[in-house]
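This report concerns only the one structure given below.
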Amino acid sequence: EPPPPMPPAPDPGPSPQIVESYGIRFLCGADDIERVVTEVRRRGKWAKRLRGNEVSSASVPALLLIGAPSSGQRRVARMVARALAEVEVSSGEVHGMHADDLRDSGPDGLRAALDEHAGHVLLLQGLDTLILDHPQGAAFASALYRARLEGVSDTALLGTCEPERVGELSAASPELVTDLRAVRLPDLGDPRLRHALLALLAEERRLTLDAGAWRVADRDLAMLHPIGRLTGARLVEAYLDRAATR
């Protein structure tokens with residue numbers, strides 16, 4: 001008798017989406033980054049039209065980047081910076097800062113940091129820890145909210161937040177989270193997304209992997225574990241660079 005039919009293979013789901021904007025390629029998570037950049041550009045145009053009016057809508061856009069460390073925050077920041085530079089509300093530069101740099105300066109220091117980086121994109125790593133773990137967390141959230149909603153902020157703030165802390169952050173400061181456009185970044189613990197990221201990075205480096213190399217890479221990618229600061233995209237990038245040199 002003929003053997004029974006094989007069960008259908010599980011549906012792997014939709015292929016990971018890679019978009020390109022301003023010469024920067026990005027592996028999307030749950031959100032389409034190309035759409036996010038378009039929204040930022042439109043919001044930037046709107047803010048520019050309202051210049052001279054002391055209304056909250058005149059503040060440049062701000063985003064909440066939801067993802068684990070090294071899941072594309074810097075690439076998104078560069079894309080946003082160039083989109084805002086195109087509509088002439090930003091220099092096109094990205095300035096970085098970690099929440100730890102603001103812990104000792106208090107809420108007034110946060111306001112001062114926003115003023116210091118006016119006209120640029122400020123990537124604030126660990127916004128969730130600043131608000132949820134610091135004794136003055138509520139005051140930090142209030143200071144940031146007032147800077148954007150009660151005045152006109154020329155600093156495009158991109159704050160980062162771990163995925164598992166979004167609900168806690170929203171409960172602690174719903175007004176602030178409502179003001180920040182949430183952007184969900186890719187989960188690079190997913191082997192499919194690691195595969196797609198490795199292919200993207202290899203193409204950027206003009207490297208090719210044959211079928212045998214991909215079999216080894218996919219096996220390795222499924223077993224890679226973060227090592228210190230080597231996590232997310234940095235981990236995949238380090239794996240590729242080491243493989244290429246060997």
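The values are calculated or read from the model by the stated rules, or taken from the named source; none is laboratory data. Nothing here was measured: the structure is a model prediction, and the numbers come from that model. Quick note on the areas: whole protein, heavy atoms, side chains included, nothing else; ligands and nucleic acids left out. Shrake-Rupley method; radii C 1.70, N 1.55, O 1.52, S 1.80 Å.
Rounded, prolate or oblate: which fits the stretch 30-146, taking a ≥ b ≥ c as square roots of the Cα gyration tensor eigenvalues, rounded meaning a/c under 1.5, else prolate when a/b beats b/c? The partial results should precede the final answer.
Numbers: a/c = 1.93, a/b = 1.29, b/c = 1.50.
Oblate.
Would you grab the residues whose amide H sits under 5 Å from the one on T231? Only those 5+ places off in sequence or on another chain, please, with H modelled 1.01 Å from N.
none
Using only the alpha-carbon atoms, what does the chain span along each of its principal axes? Please give whole angstrom values in decreasing order.
79, 43, 39
Just A171, A77, A141 to compare: in a GNM of the chain, with alpha carbon springs under 10 Å, which one fluctuates most?
Result for the chain, Cα springs under 10 Å: A171 fluctuates most.
Over the stretch 56-172, with the other protein chains present, what is the accessible area per residue in square angstrom, probe 1.4 angstrom? Walk me through the numbers before you get to the answer.
Values: 4560 Å² over 117 residues.
That works out to 39 Å² for each residue.
Determine the distance separating the Cα centre of the stretch 38-106 from the Cα centre of the stretch 173-246; give it in Å without decimals.
25 Å
Quick one: length gained pulling D100 to E164 fully straight, 0.36 nm per residue minus the C-alpha distance?
Values: separation 64, 0.36 × 64 = 23.04 nm, distance 1.99 nm.
Going from the current span to full extension adds 21.0 nm.
Rounded to the nearest 500, what is the chain's calculated 222 nm mean residue ellipticity when only DSSP H runs of at least 4 contribute -39500 (n - 2.57) each, over all residues?
Numbers: 10 runs with 115 residues, N = 246.
The helix-only estimate for the chain comes to -14500 deg cm²/dmol at 222 nm.
Using a 1.4 Å probe on the protein heavy atoms, what percent of the accessible area of the stretch 8-163 belongs to carbon and sulfur? Don't jump to the answer; show the numbers that get you there.
Numbers: 3350 of 7150 Å².
Here it works out to 47 percent.
Compare L180, L123, L64 in a GNM of the chain, Cα atoms joined below 10 Å, and give the one with the largest fluctuation.
L180
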